[in-house]
Amino acid sequence: VRIGIVTFPGSLDDTDAARAVRIAGGEAVPLWHGDESLHHVDGVVLPGGFSYGDYLRCGAIARFSPVMREIIRLAGPPTQQAPGLPVLGICNGFQVLCESHLLPGALIRNDHRKFVCRDQRLRIEGTSTRWTSRYSAGEEVVIPLKNGEGGFVADDVTLDALEGEGRVVARYLGGNPNGSYRDIAGISNVSGTVVGLMPHPEHAVESLFGPDHDGAGRADSTDGLRFFTSVLEGALAR
Amino acid sequence: MGRVVVDVMPKPEILDPQGKAVVAALARLGFREFAGARQGKRFELEVDGEVTAEVLERAAEAARTLLSNPVIEDVVRVTAVDGAPTDGAPTDGAPAAGNAQS
C-alpha cells in the first residue's frame with residue numbers, strides 16, 4: 001500500500017510521517033509540492049511544519065500548490081458521500097485542509113498566545129474514518145502536541161453539524177491546550193476519508209521514542225501508530 | 001502606476017489573540033484610553049496602469065480567494081489609491097488616501 005507524504009517548502013515532520021508509514025507496514029512515497037501527479041498512491045499525509053513559512057496565513061499558500069490541486073480533486077467535495085482519496089492532515093496539514101475547504105472551520109493562534117509542546121491526552125471519538133478504524137470509540141490515547149496556531153474555530157452551525165454527524169474525530173482531555181472550540185482536536189469530512197488532526201500521531205509510533213503513557217518516563221506510547229495501520233488496512237480491504 | 005489597498009480584519013466574533021496582546025501592552029505603557037484592539041492586515045497591490053473598475057473587481061476577487069479566509073476574516077476595504085507606496089509620513093488624522101475612488 002502506497003501512502004504519499006507531501007513535502008512543502010518549510011515542512012518539518014515529513015520524514016517522521018514517512019517513517020510512521022513504514023513502521024505501520026506501508027510504502028512511503030515522497031510527494032513534492034510541485035508534483036502534478038500523485039504517483040498512484042492509496043492515501044496522502046500532509047505533514048506538520050511551516051509550509052511556505054506560514055506566510056499570509058498558515059496553509060494559505062500551500063493550498064494553491066500543484067500537488068494540492070490534485071489532492072483536492074481526488075479527495076472530492078467535503079460533503080460528498082462517496083469516499084474519495086484518504087488524506088490525513090497533521091498540524092500544518094490540518095491548516096492546509098481547512099484552507100483548502102476540504103474540512104470546515106479554521107485554525108487560529110492559540111488563545112494564550114504561546115507555543116505549546118506537550119504530551120497530550122486525547123479521546124478518540126470518531127472511529128469510522130479511514131484513519132481511525134483501528135481505535136475503539138471513547139479510547140483515551142497520549143500523543144504529542146506542538147503548535148502555535150492550533151485553535152480550532154468555526155461557527156455554531158458548523159460545530160453542531162460536526163458533532164451531530166459524528167465528525168469530531170478526537171477531543172482534548174486534561175485541559176484545552178489552545179482554545180479550540182468545544183475541545184476539538186480533530187475532525188473528518190462527511191465520508192470519513194479526510195481527517196485533520198492538530199496533535200502528531202507520527203511522533204508516537206515506536207516505544208522508547210514516544211511520549212510517556214503514564215508519566216513514568218518510559219517514553220513508551222505508540223498510540224499514534226494506528227492512524228497509519230488503519231488506512232493501510234482499509235486500502236487492503238478494497 | 002496605480003495601487004489597490006485591501007484591508008482584511010478578523011471577524012468580530014472570532015477571538016483575536018494578537019489584538020488582546022496589543023491592548024495589554026498598550027495598557028502597560030500607560031495608554032489606558034484604549035479598551036480594546038483588533039489587528040488586521042493591509043495589502044498594497046501594484047497595478048501597471050490605471051485602476052479601472054475591472055481591476056478593482058479582480059482585486060476584490062483576489063481578496064476573497066487568497067488574501068482573506070472567509071471563515072475567520074472579513075475583507076473590509078478594496079480601494080484604489082494613487083501615488084507612491086505608503087511611507088511612514090505622519091498623517092493629520094485624515095485618511096492617507098485622500099483620492100480614494102471607492
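If you check A:Leu74, A:Leu107, A:Leu38 for being surrounded by 21 or more Cβ atoms within 10 Å (Cβ to Cβ) and touching a residue at least 24 places away in the same chain (Cβ under 8 Å), only one passes: A:Leu107. Looking only at residues of the range B:16-34 that are more than 25 Å from B:Val6 (Cβ to Cβ) and surrounded by 11 or more Cβ atoms within 10 Å (Cβ to Cβ), we find that the one that is nearest to the other protein chains (Cβ to nearest Cβ) is B:Ala24. Under the condition of being over 17 Å from the mean Cα position of the chain (by Cα), within 13 Å of chain B (Cβ to nearest Cβ) and touching a residue at least 12 places away in the same chain (Cβ under 8 Å), the residues counted in the range A:55-71 number 2. The single residue among B:Val47, B:Val8, B:Val4 that is of a type outside the set (Asp, Glu) and within 13 Å of chain A (Cβ to nearest Cβ) turns out to be B:Val8. When the test is whether a residue is within 14 Å of chain A (Cβ to nearest Cβ), under 15 Å from the mean Cα position of the chain (by Cα) and either among the small types (Gly, Ala, Ser) or surrounded by 14 or more Cβ atoms within 10 Å (Cβ to Cβ) (or both), B:Ala37 passes it. Answer with yes or no whether A:Leu97 is within 14 Å of chain B (Cβ to nearest Cβ), surrounded by 22 or more Cβ atoms within 10 Å (Cβ to Cβ) and not β-branched (Val, Ile, Thr). Taking the combined requirement at face value, the residue satisfies it. Step by step: first the residues of the range B:7-53, then only those that are β-branched (Val, Ile, Thr) and in contact (Cβ under 8 Å) with a residue 24 or more places away in the chain, then the one that is nearest to A:Ser180 (Cα to Cα). Which residue is that? Taking the candidates together, the pick is B:Ile14.
Test A:Val169 against the stated conditions and say whether it is of a type outside the set (D, E, K, R) and within 17 Å of the chain's Cα centre (by Cα). Taking the combined requirement at face value, the residue satisfies it. Contact annotation: residue pairs with Cβ atoms under 9 Å, 6 or more positions apart or on different chains, pairing a residue in the range A:129-153 that is within 14 Å of chain B (Cβ to nearest Cβ) with a partner that is assigned to a loop (DSSP other than H, G, I, E, B) and basic (Lys, Arg), are A:Gly148/A:Arg109; A:Gly148/A:Arg113; A:Gly148/A:Lys114; A:Glu149/A:Arg57; A:Glu149/A:Arg109; A:Gly150/A:Arg109; A:Gly151/A:Arg109. Of everything listed in (1) crowded, with 18+ Cβ neighbours inside 10 Å; (2) away from every other protein chain (no Cβ under 14 Å); (3) not in a strand (DSSP E or B), the single unmet condition for A:Leu208 is (1).
Based on this model, can you work out whether A:Leu107 counts as aliphatic (A, V, I, L, M) and away from chain B (no Cβ under 14 Å)? Here the answer is no, as A:Leu107 does not meet what is asked.
Any residue at all in the range A:110-121 that is part of a strand (DSSP E or B) and within 14 Å of chain B (Cβ to nearest Cβ)? Yes, some residue in the range A:110-121 is part of a strand (DSSP E or B) and within 14 Å of chain B (Cβ to nearest Cβ). In the range B:1-91, counting only strands (runs of 3 or more DSSP E) that sit wholly within it, none holds 3 or more residues that are on the phi > 0 side of the Ramachandran plot. Within the range A:78-94, track down each residue that is hydrophobic (A, V, I, L, M, F, W, C) and either away from chain B (no Cβ under 14 Å) or in contact with a Phe, Trp or Tyr (Cβ under 7 Å, 6 or more places away or on another chain) (or both). Hits for the range A:78-94 are A:Ala82, A:Leu85, A:Val87, A:Leu88, A:Ile90, A:Cys91.
Values in this text are rule-based calculations from the coordinates and carry no lab data. This one's a predicted model, so the numbers in the text were calculated from it and none came from an experiment. Cβ atoms come from the backbone with ideal geometry, glycine included; neighbour counts cover every protein chain shown.
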